[in-house]
1. Can you figure out the FRET efficiency of residue A:27 with residue B:37, using R₀ = 45 Å and their beta-carbon distance, to the nearest 0.05?
2. Could you give the length gained on full extension between residue A:141 and residue A:80, defined as 0.36 nm per residue of separation minus the Cα-Cα distance, in nm?
3. Using the Kyte-Doolittle scale, which helices in chain B average at least -0.5 and also have C-alpha atoms spread 18 Å or more along the helix axis, with helices defined as whole DSSP H runs?
4. Test of understanding: in a Gaussian network model of chain B with alpha carbons linked when under 10 Å, which of B:52, B:62, B:81 would top the mean-square fluctuation ranking?
5. Rounded to the nearest 0.05, what FRET efficiency do residue A:45 and residue B:30 have when you use their Cβ-Cβ distance and R0 = 41 Å?
6. Given +1 on the Cβ of Lys and Arg, -1 on the Cβ of Asp and Glu, and no further charges, what dipole in debye does the range A:1-108 carry about its Cα centre, rounded to the nearest 20?
7. Let me know the mean shielding of B:54-66 by other chains, meaning the per-residue number of their Cβ atoms within 10 Å of its Cβ.
8. Quick one, what does Rg over Rh come out to for the range A:13-130 if you take C-alpha atoms and the Kirkwood Rh?
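Quick note: the coordinates plus some simple rules give every number you see, no bench work behind them. This is a predicted model, so every value here is computed, not measured. Note: ideal-geometry Cβ built from the backbone for every residue, glycine included; neighbour counts use all protein chains shown.
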Amino acid sequence: MGVMKRLTGIVQAKANKALDRVEDPRETLDLSYEKQIEQLAQVKRGVADVATARKRLELQAQQLQSTAAKLQDQARQALAQQREDLAREALSRRAGISTQLEGLKTQHDQLVQQEQKLIVTTQTLQARVESFRTQKETLKASYTAAQAQTKIGEAVSGISESMSDTGMAMQRAQDKIASMQARAGAVEELLASGALPDMTGSSDPLQAELDKTSQQSQIDLELAQMKGALAPPPPSGALGAGTSSEPDTVADDASPGEVVDAPHAASNPSAPDAAPAEAATRPADGQGGPPGGAPAEELFSLGEQAAQQ
Amino acid sequence: MIVRILGEGQYELGGDPLEELEELDAKLLHKIEAGDEPGFHEVLNKAFEKVRGSGTPVDLSRIVPSDLTLPQPDASLEEVRELLASEDTGEA
């Protein structure tokens, strides 16, 4: 038998199985109507699910954008510090994010396509369910006529076919969404754990150095400003927190050695210590990025990580 | 004759196209068995063209079973193969 004929049998049998158990064809009509109503609700839920998945991707893209903007800022900072090597590193990471954004865009396009398909499916199904409701009553009313029995049989086969077609369309959409969500979930985990921006900081000494030197030069700048503005210097703990990422090297590199109290700050990473460090990194990092929450969070995570190491 | 394109809808066809569809059907089976994905899509696309071009869409209010069924236009060979395989497991 040809493929096309076999497919017809398979598709009809899929939904027929649920309807076969009913003895009275009139009940079969009612049951298949109920099944269609159920299916309609499922498809509507499906549309909502795709929309949720799409919005999730959009949110992730925004987060990646923020990270990219931040890396660009870091590259600028590095260049300002005459560290082209670090700038290069930051930009290459930024390129990596750009690749990920491209991947997200492909997924997003596919989701939009699925969403549109499901919306059309919902409309089609809605129309069919309404039309079936009136037809089944007509068929039931004329059930005694022998001809009507054949018609009922045909209607049931026809509706079974439509239902499994819709069911398959739903299944395909769900499969696609599931695989996309798995991938999107991986990106989300990276973002949530801070691994995406901080992978940078923790696994790469160059990036750590950039963070450190940029923090340090900002602290030097603040120090200079404070020295200029005030006669007595502020408590040393605040300054120490900012340089606490690498206490040893900081102590070696820092020019105003007497104010660097890094070992003390590292052993006491309390809130008052951490706050000025964040404030110190904020102005430079915030330059390019939007004023939303995401860049700020990334700043926080970098600061915390530096304090932990 | 009623032909369904999965995920798309039903079309009513009459006259000559039927022979051509049967020919395409035989080729399609051959491509599936050979695992020839490009050939599979080529044959399938011809079938879609024929059905859409020669057929008229069946009104939604008409509830009729199909005589022939074509896979979803974006279905892969593997997907169709799996669907055909469900014939054995599904009806057991």
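1. E(calc), rounded to 0.05, equals 0.50.
2. 13.4 nm
3. Working: long enough: B:17-34 (25 Å, -0.36); B:37-54 (25 Å, -0.73); B:77-90 (19 Å, -0.46).
Qualifying helices, which must be both long enough and hydrophobic enough, are B:17-34, B:77-90.
4. In the Gaussian network model the winner is B:62.
5. Computed FRET efficiency for residue A:45 and residue B:30: 0.50.
6. Numbers: 19 positive and 14 negative charges, 73 e Å.
That gives a dipole near 360 debye.
7. Taking the mean over all residues of the peptide, I get 6.
8. Reported Rg/Rh, Kirkwood definition of Rh: 1.38.
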